[in-house]
């Protein structure tokens with residue numbers, strides 16, 4: 001095998017700096033909800049992991065509620081990689 005191919009539900013090109021091969025974690029806010037939340041950039045969008053975790057990742061929800069990356073990163077690589 002020489003490589004792998006991925007498809008994006010978000011329509012993000014493979015060469016995009018925040019495509020499916022590189023999903024950077026970060027903390028963000030917006031005008032509607034100014035409390036800091038953890039998210040991951042997918043193309044030009046942010047997937048709100050704090051909001052999604054209760055339904056999609058209940059075993060990790062507590063790691064994503066703090067408004068910073070400390071608990072998630074302290075939990076170790078197995079908790080924050082696919």
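The values are calculated or read from the model by the stated rules, or taken from the named source; none is laboratory data. The structure presented is a predicted model; accordingly, all values stated were derived computationally and were not measured. Neighbour counts run over all protein chains shown; Cβ positions are idealised from the backbone, glycine included.
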Quick one: residue 18 ticks every box in (1) modelled with pLDDT of 90 or more; (2) in a loop (DSSP other than H, G, I, E, B) except a single one, so which number is it? (1)
Restricting segment 49-68 to residues that are surrounded by 12 or more Cβ atoms within 10 Å (Cβ to Cβ) and closer than 27 Å to residue 13 by Cα, which is modelled with the lowest pLDDT? 57
Residues satisfying the stated conditions in segment 37-48, i.e. assigned to a loop (DSSP other than H, G, I, E, B) and either surrounded by 14 or more Cβ atoms within 10 Å (Cβ to Cβ) or touching a residue at least 60 places away in the same chain (Cβ under 8 Å) (or both): 43
Only one of (1) modelled with pLDDT under 90; (2) part of a strand (DSSP E or B) fails for residue 23. Which number is that? (2)
